[in-house]
Amino acid sequence: MHTVEEAMTVEVITVGPDEPVTVAARIMRDAGVSGLPVVDASGAVIGILTEADLLHRAVLADLSEISDRGGSHSRSLGSTVADLMSRDVLAVRREAPLAEAARLMEKARVRRLLVVGPEFVIEGIISRRDVVAALARSDTDIEAEIRSCVIDEILGLDPAQVDASVDQGVVTMSGVVAQRREAVRLERLAGKVLGVSAVENSVTWKADLVYPGLVPRFAYFAKYFAKRREGSGGSIASSTAAGNNDEDIGDEPVD
């Protein structure tokens with residue numbers, strides 16, 4: 001499955017905690033970014049400065065000027081990055097699934113996540129735009145990954161057993177596998193492939209071929225009672241009353 005590392009931006013513009021707020025604001029403007037990770041001398045993340053932090057300071061500065069035009073409030077309003085930055089930082093590891101990063105951004109309603117390594121040292125950044133770009137995959141790429149990674153490498157199925165096609169992110173699968181668990185895993189894993197929006201799974205397993213339409217785990221019992229009926233002329237009760245011994249069916253219950 002796809003990870004944060006595949007979509008993240010490695011070259012990250014950072015700022016130190018002692019940097020003046022005005023300098024940080026110019027950096028954000030010139031770089032066209034809406035947030036700057038704040039790092040210490042070792043490169044470890046200690047906070048993040050965003051446009052919202054700067055806007056909040058601007059509002060406070062305006063209110064302060066109105067209430068007291070004669071005083072200097074630059075320090076109380078925050079003159080350095082450390083004064084304004086948010087210390088609660090959301091971060092992920094580079095090996096985390098991309099879907100996990102997307103869920104975290106959606107849940108926290110943030111635009112970006114920092115990517116950190118050991119000691120919380122910054123290694124990159126991933127934004128909503130990065131996730132969207134990764135999701136905008138072609139149907140051909142999605143189908144190729146399902147065939148090579150899911151069907152072949154993970155499940156070890158014969159490619160001739162299962163047919164998979166993709167149309168606008170919707171995966172359609174058909175074919176026959178040996179066991180029900182394989183069909184279930186096939187659908188689940190295909191649904192986790194990056195870019196897949198839905199899975200239409202019509203893959204059957206061999207138990208279905210014995211009694212079409214019957215829930216597979218009951219197929220064994222259907223065969224059992226069918227053979228008893230054949231041996232008793234259609235009446236299970238009569239064979240039991242006559243003391244007939246059941247013959248070995250020779251089939252194991254289907255998983």
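The values are calculated or read from the model by the stated rules, or taken from the named source; none is laboratory data. The model shown is predicted, which means the values in this text are computed figures rather than measured ones. Note that we place each Cβ from the backbone using ideal geometry, even for glycine, and neighbour counts take in every protein chain shown.
Contact map, region 21-45: residues that are over 19 Å from Arg128 (Cβ atoms) paired with residues that are among the hydroxyl-bearing types (Ser, Thr, Tyr) and part of a strand (DSSP E or B), Cβ distance under 8 Å, separation 6+ or inter-chain. Pairs shown: Val21/Thr80. Checking region 161-169 against the condition returns a match, with at least one residue being within 16 Å of the chain's Cα centre (by Cα), in a loop (DSSP other than H, G, I, E, B) and not assigned by TED's automatic domain parsing to the domain that holds Val15. Taken over region 182-213, the criterion of being exposed (fewer than 14 other Cβ atoms within 10 Å of the Cβ), modelled with pLDDT under 90 and either more than 23 Å from Leu98 (Cα to Cα) or more than 33 Å from the chain's Cα centre (by Cα) (or both) is satisfied by Leu209, Pro212, Gly213. Does Asp158 qualify as being part of a loop (DSSP other than H, G, I, E, B), closer than 30 Å to Asp18 by Cβ and modelled with pLDDT under 95? Here the answer is no, as Asp158 does not meet what is asked. Can you spot a residue in region 119-137 that is without any contact (Cβ under 8 Å) to a residue 60 or more places away in the chain and surrounded by 17 or more Cβ atoms within 10 Å (Cβ to Cβ)? Scanning region 119-137 turns up at least one residue that is without any contact (Cβ under 8 Å) to a residue 60 or more places away in the chain and surrounded by 17 or more Cβ atoms within 10 Å (Cβ to Cβ).
This table checks each residue for (1) at pLDDT below 95; (2) in a helix (DSSP H, G or I); (3) surrounded by fewer than 17 Cβ atoms within 10 Å (Cβ to Cβ).
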{"residue": "Ala24", "(1), (2), (3)": "yes, yes, no"}
{"residue": "Arg29", "(1), (2), (3)": "yes, yes, yes"}
{"residue": "Leu36", "(1), (2), (3)": "yes, no, no"}
{"residue": "Asp53", "(1), (2), (3)": "yes, yes, no"}
